[in-house]
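Student: My questions all concern the structure below.
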Amino acid sequence: MSLDKALASATSIAADCLGLKMGRIAEGYEANLVMFRKIRNADDLNPENVVYVVRKGKLYDPQNLKAIFS
């Protein structure tokens, strides 16, 4: 799967299927973001490459996320 199709599948397409106003960076949408290290292909979209997550305006780093979800 191409990188842009993988990103769309995980974000805007999934949100549209669930009827949610998220998955896009646009006015009127919730701004939850995941920042990855360098991404060369869809296989790089994995938790080991996450640098930061922004959810509901709060910034999380990978160590905090591991503590929250462990």
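Student: Under 9 Å between Cβ atoms, which residue pairs at least 6 apart in sequence (or on different chains) link something in the stretch 43-70 that is without any contact (Cβ under 8 Å) to a residue 40 or more places away in the chain with a partner that is outside any helix (DSSP H, G or I) and polar (S, T, N, Q)?
Tutor: V53/N32; V54/N32; R55/N32; K56/N32
Student: Another question, if that's okay. Sort out which residues of the stretch 27-39 are of a type outside the set (A, V, I, L, M) and free of Cβ contacts under 8 Å to residues at least 24 places away in the same chain, and write them in order of number.
Tutor: E27, G28, Y29, F36, R37, K38
Student: Separate question: Kindly check whether there is at least one residue in the stretch 7-22 that is on the phi < 0 side of the Ramachandran plot, open to solvent by 70 Å² or more (accessible area, probe 1.4 Å), assigned to a loop (DSSP other than H, G, I, E, B) and among the charged types (D, E, K, R).
Tutor: Checked the stretch 7-22: at least one residue is on the phi < 0 side of the Ramachandran plot, open to solvent by 70 Å² or more (accessible area, probe 1.4 Å), assigned to a loop (DSSP other than H, G, I, E, B) and among the charged types (D, E, K, R).
Student: Also, quick follow-up: Mind listing whichever residues of the stretch 49-70 are outside any helix (DSSP H, G or I), open to solvent by 80 Å² or more (accessible area, probe 1.4 Å) and more than 19 Å from M22 (Cα to Cα)?
Tutor: Scanning the stretch 49-70 gives a single hit, S70.
Student: Hey, can you tell me all the residues within the stretch 30-48 that are open to solvent by 50 Å² or more (accessible area, probe 1.4 Å) and either in a helix (DSSP H, G or I) or not aliphatic (A, V, I, L, M) (or both)?
Tutor: Across the stretch 30-48, the qualifying residues are E30, N32, F36, R37, K38, R40, N41, D43, P47, E48.
The values are calculated or read from the model by the stated rules, or taken from the named source; none is laboratory data. This one's a predicted model, so the numbers in the text were calculated from it and none came from an experiment. Cβ: placed from backbone, ideal geometry, glycine included. Neighbour counts: every protein chain shown. Areas reflect the complete protein model, heavy atoms only, side chains present, ligands, DNA and RNA absent. Shrake-Rupley method; radii C 1.70, N 1.55, O 1.52, S 1.80 Å.
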